[in-house]
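S.K.: Below are the C-alpha cells for one structure; questions will follow.
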Amino acid sequence: MNTEKVVSAFSRDLSQELFPANRHLIPNLNDIYELELAFYENLILPDEEIIKNAGYFSRLGSEYTHHFLMCTGESLKLPDHSSSRLKSFFEKNVFRTGYATHGLFPYRGKFHPQMIKGLINVMGLKPGDIVLDPMMGSGTVLVEACLMGIKAIGIDASPFCRFMTQTKLDALTMSLARARGALANYEEVFTYFQKRVGRPKPGSKPSKSNNTKDAMSVMEETAEYLTKKDHQTLTEKDRDTLNTYHFLLLAYLDSAGYAERSARKLPLAQFRAILERYLFVAEKIQQVLAGLETELAPAKVLEGDARLLTLDDNSTDGIIFSPPYSFAVDYLANDSFHLNFMGIDSDTLRDRMIGLRGRELSEKYQLYREDMGRVLTECARVLRPDCFCTIIVGTNNNQLGKVFGVSPEAVQGLHEILIDMGAGCGFKPVKIMSRPIIGISNTMRREYILILQKTSH
C-alpha cells in the first residue's frame with residue numbers, strides 16, 4: 001500500500017485547489033450545485049463584488065462579505081414551541097435561507113435566497129441592470145436583487161403574492177417604531193384584526209369568504225385610501241402608516257394560517273410570537289444595512305399574467321423564475337386561508353393559475369404545456385439578446401407517468417420538455433445543474449437549474 005500518496009492526498013484541501021487562498025467559502029456547503037455556483041462566482045466576480053454581492057464566500061482576506069454579515073447570528077427568532085427539527089433546519093441553513101426579510105412568511109416551494117444571489121451573479125447581472133421574475137411567488141428574487149443594487153420587476157397572478165412581496169421589500173427600510181408599539185399592545189391589535197379580517201378556527205379548513213374581491217378590502221380606511229394614491233406622492237407619515245399596516249396584516253395572516261392548520265397553540269399567542277419574529281428579522285437586516293451603507297435598488301411589484309407580460313421588447317437584462325411544479329403542488333390550497341381572509345375568490349384565481357387549470361391529469365398536463373409555451377415566448381420577447389433566462393423546476397415523473405400510462409422512469413423530465421420548448425423560442429441551454437429536493441421526495445426528488453441564453457438572431 002502506498003500510504004505516502006494517501007496521506008499526501010488527504011493533506012490537500014478541495015477549496016484551496018479550486019479557489020484563491022484569500023477567498024474563503026461560506027461554511028457547510030453540502031451540495032454539488034452550491035460548489036458549482038461558488039466556482040462560477042469566483043471566476044466571474046472581482047474582489048469588490050465578492051465582498052458586496054457574493055453568495056458563497058464568507059471572507060476576502062480578513063474582510064467579511066455582506067452576505068456573511070447578513071446571515072450571522074440568530075437567523076430567525078423561532079417561537080418556543082417550534083420543533084427541534086425546525087430549529088435544526090434554520091441552524092444548518094443559516095446562510096441559505098431565513099436571512100434579511102425572506103423569513104417573514106413561510107411559502108411552500110420558495111427559493112433558497114442564497115441560490116438566487118449566486119444565480120444573479122453567474123448570469124453576469126450588475127447594479128443598474130434589470131432582472132425579471134414573471135412568477136415571483138414570495139418575492140425572493142426581488143428582495144435579493146434589491147439588496148444587491150440590481151433593479152427588479154416581479155409579476156404574479158396572485159394578489160396575495162403581490163401583497164406579501166411588497167411588504168417584504170418595504171420591511172427592509174420602513175420605520176419600525178409603530179410596529180414595536182403594536183407588539184407592546186398585541187392583544188388589542190389581534191382583536192382589531194379579528195374583527196376586520198376574520199377569526200381563524202383552530203385545526204379547521206377555512207370557510208368561503210363573502211368579502212369583496214379587492215385584495216386590500218381588509219385594510220382600515222386610512223390605509224386603504226393611501227393604497228390607492230401614487231406611492232411617489234405619499235408623505236413620510238402616510239408611508240409609515242401604510243407600511244406598518246401591511247406589516248401587521250401579514251403577521252396576522254401568518255398567524256391565522258398556523259391556527260387553521262394546527263390547534264397546538266392559541267391564535268393570540270401565535271400572533272404575538274410571529275409579530276415578535278417579524279420585528280426581530282426586520283430590525284436585524286436594517287441594522288446590518290445601516291452598517292454597510294448599502295444602496296438598495298428599486299423593485300416593481302405587479303399583479304399580472306406571465307403569459308402576457310406588459311413589458312417592452314428587449315427591456316430586461318436577465319430573467320429568473322420557477323414555474324409551478326406542474327400539478328404537484330396546489331399553491332391555492334396552501335394559500336386558501338390567506339386568500340379567503342383577503343376576500344379573493346380562489347375558484348376564479350384558479351382559472352388563471354398555470355398548473356392548476358383543468359380537471360383530469362391529462363388535461364392539466366396539456367394546459368400546462370400550452371401555458372409554459374406562452375410564458376417562454378414572452379420571456380424571449382422581453383429579454384435582451386445574448387442575456388440569460390434561468391428556470392428552476394422540479395420534475396414530477398410520478399404524475400407525468402400517470403398521464404402517459406408508463407413508469408416514471410420512462411417519462412421525459414419536465415426540465416427536458418422546457419429545454420425543448422425554449423429552443424423553439426430562441427433559447428439555447430448553456431448550463432444545467434441539479435439539486436436534491438427536501439420535503440416532497442415522494443413526488444419529486446430533484447430540482448433542475450436551467451440557464452438558457454437568448455440567441456442574438
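Here, each number is a calculation from the coordinates, and none is a lab measurement. In this text the structure is predicted, and so the values were computed from the model without any measurement. In this analysis, Cβ positions are derived from the backbone assuming ideal geometry, glycine residues included, and neighbour counts consider all displayed protein chains.
S.K.: Return the tail of the calculated pair distribution for region 3-69, meaning the percent of Cα-Cα pairs more than 15 Å apart.
M.R.: Counting pairs separated by more than 15 Å, the tail of P(r) holds 52 percent.
S.K.: Moving on. Using a Förster distance of 22 Å, how high is the FRET efficiency between Ser315 and Arg352, based on the Cβ-Cβ distance and rounded to 0.05?
M.R.: E(calc), rounded to 0.05, equals 0.40.
S.K.: With each label point set 7 Å from Cα along the Cα-Cβ vector, what nm distance links Ile437 and Thr191?
M.R.: 4.6 nm
S.K.: Residues of region 103-146 with the amide nitrogen closer than 15 Å to a label point 7 Å from the Cα of Asp31, along Cα-to-Cβ, please.
M.R.: Backbone N within reach: 109-120.
S.K.: Separation between the Glu370 and Leu43 pseudo-spin-labels, each 7 Å from Cα along Cα→Cβ, expressed in nm?
M.R.: Each label point is offset 7 Å from its Cα along the Cβ direction, giving 4.1 nm.
S.K.: Averaging sequence separations of C-alpha pairs under 8 Å and six or more residues apart, then dividing by the length of region 3-69, give the relative contact order as a whole percent.
M.R.: So the answer I get is 30 percent.
S.K.: Quote the FRET efficiency, to the nearest 0.05, computed for Asp238 versus Lys402 with a Förster distance R0 of 56 Å and r equal to the Cβ-Cβ distance.
M.R.: 0.60
S.K.: Residue by residue through region 59-72, what is 3J(HN,Hα) from phi via Karplus (6.51 cos²θ - 1.76 cosθ + 1.60, θ = phi - 60°)? Round to whole Hz and write x for glycine and proline.
M.R.: Here the 3J(HN,Hα) series is 9, 10, x, 9, 9, 7, 6, 4, 4, 4, 5, 5, 9, 5 Hz.
S.K.: Could you work out how far apart the two model spin labels at Leu18 and Asn2 are, taking each label as a point 7 Å from the Cα in the direction of the beta carbon, and quote it in nm?
M.R.: 2.5 nm
S.K.: Could you pull out the pairs from Lys168/Lys454; Lys151/Lys428; Lys284/Lys431; Lys151/Lys431; Lys151/Lys364; Lys284/Lys454 whose alpha carbons sit more than 28 Å apart here?
M.R.: In this structure, Lys168/Lys454; Lys284/Lys431; Lys151/Lys364; Lys284/Lys454 exceed 28 Å between Cα atoms.
S.K.: Output wanted: per-residue J couplings in Hz (rounded whole) for region 282-291, from phi through Karplus 6.51 cos²θ - 1.76 cosθ + 1.60, θ = phi - 60°, x for Gly and Pro.
M.R.: Couplings: 5, 5, 5, 5, 5, 5, 5, 5, 5, x Hz.
S.K.: Still on this structure: Would you mind calculating the gained length between Ala410 and Leu302 on full extension (0.36 nm times residue separation, minus the Cα-Cα distance), in nm to one decimal?
M.R.: Gain on stretching Ala410 to Leu302: 34.9 nm.
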